[in-house]
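Before any comments, here is the structure.
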Amino acid sequence: MTDNAMSEYKKRVAAVRAVGGGPRPTDPNIRRVQFEAYADVFKQPHPETIEVTNWFVAAPGREIPIRIYRPKQDGRQPTILYFHGGGYMSGSLYTHDTVVANIAAEAGVQVIAIHYRRAPENPYPAAVEDGWFVLNWAVRNAERYGIDIDRLALAGDSAGGGLTAALSLMARDRNGPALAMQILLYPGPMNTDLETDSYVRINHDPQFNKNDLEFYLRAYLSNDLDTEDPYAVPLKAKNYADLPPAFVHVAELDPLYDEGILWGERIKAAGGAVEVRIAKRLEHSFLRAVTISAEARTEADILYAAIRKGMKVAG
């Protein structure tokens, strides 16, 4: 493991992930147990400026759990629908609670976190279908939940960033709700190319590397790595025009680095609005390290400022 701005964070993660069967178990339930355990290490109390409510969205044949993080103020608020990471497999509302709460409090926006159906039990398109359903639900129920539909955005980290990209494409293609922003945080996997430069070059982390990404992709895509479906693999898209303004936050030492960079480059080439921010000396999932890494805290502050700007948050 290389020495960088997240070395202490990675040491703690490595120690906790030994719970339940080693660093890279193939059993998805063990991976989920490990993720929940190491989320506890960095969990913080909810900021006093927000209120948090657990709820659900009733969809045909299923219910989609959500968690609403709302600044303590009246009226309709700019709102982000947030998709957690975890390789489309192991994340949850719990594992991302602190990250999402910090976004709501520091950016001054309402955030609705969505617990979509996970692979391998529910492979593609289950997660995207859940996201699409909740997006339209949010517009239909804007008054009840205090959502300013003129300031509605999508965001997600890691696999949730991939879902954010897919749903941005889907909203455009299906004449869906207008989106103020798409916010992709160290996003991916969004490609089936397992030989990108960053996949090969940045392969030092025993907890998150090329093998893990292939494992997640195969589970999510039911082993169909030849798919050309852009809603499954957003970097397969043929058209990047007319997408929501994008903020793409990539980590310099992340195997997924190339995917975020490429997403931003393609939007820019198509004439879209995009800002790509590279978090120097940081690895995947750096928003979890804000309490023990000054560099991670600086990058988090940059993210919050970008959200406030893009969502037109006063102050």
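Find out how many positive minus negative residues lie around Lys280, taking Lys and Arg as positive, Asp and Glu as negative, among other residues whose Cβ is under 12 Å from that of Lys280. It works out to a net charge of -3. Working note: 222 nm ellipticity from helices only, DSSP H runs with n ≥ 4, each -39,500 (n - 2.57), summed and divided by the residues of the chain, gives -11000 deg cm²/dmol to the nearest 500. When only Cα pairs below 8 angstrom with a gap of at least 6 residues are kept, the range 7-310 shows a relative contact order of 16 percent.
Charge tally for Arg76 (other residues, Cβ to Cβ under 14 Å; Lys, Arg +1; Asp, Glu -1): 0. Measuring spread by the Cα atoms of the chain yields a radius of gyration and Dmax of 17.8, 50 Å. Among the GluC sites (Glu not before Pro) within the range 74-178, those in coil by DSSP and having at most 15 neighbouring Cβ atoms inside 10 Å are Glu121, Glu143. Restricting the range 51-107 to trypsin sites (Lys or Arg not before Pro) that sit in a DSSP loop and have at most 14 other Cβ atoms within 10 Å of their own Cβ leaves Lys72.
Pairs with C-alpha atoms separated by more than 20 Å, drawn from the list Lys72/Lys312; Lys238/Lys268; Lys280/Lys309, are Lys280/Lys309.
Of the DSSP beta bridges with both residues in the chain, give the percent that are antiparallel, rounding to the nearest 5. Given both bridge residues lie in the chain, the antiparallel proportion sits at roughly 35 percent.
Under the combined filter of DSSP loop state and at most 12 neighbouring Cβ atoms within 10 Å, the range 133-209 retains these trypsin sites (Lys or Arg not before Pro): Arg144, Arg174.
Taken together, the values in this text are just the output of simple stated rules run on the coordinates, not laboratory data. Owing to the predicted nature of the structure, the values given are computational and were not obtained by experimental measurement. So basically every Cβ, Gly included, is an ideal-geometry build from the backbone, and we count neighbours across all protein chains shown.
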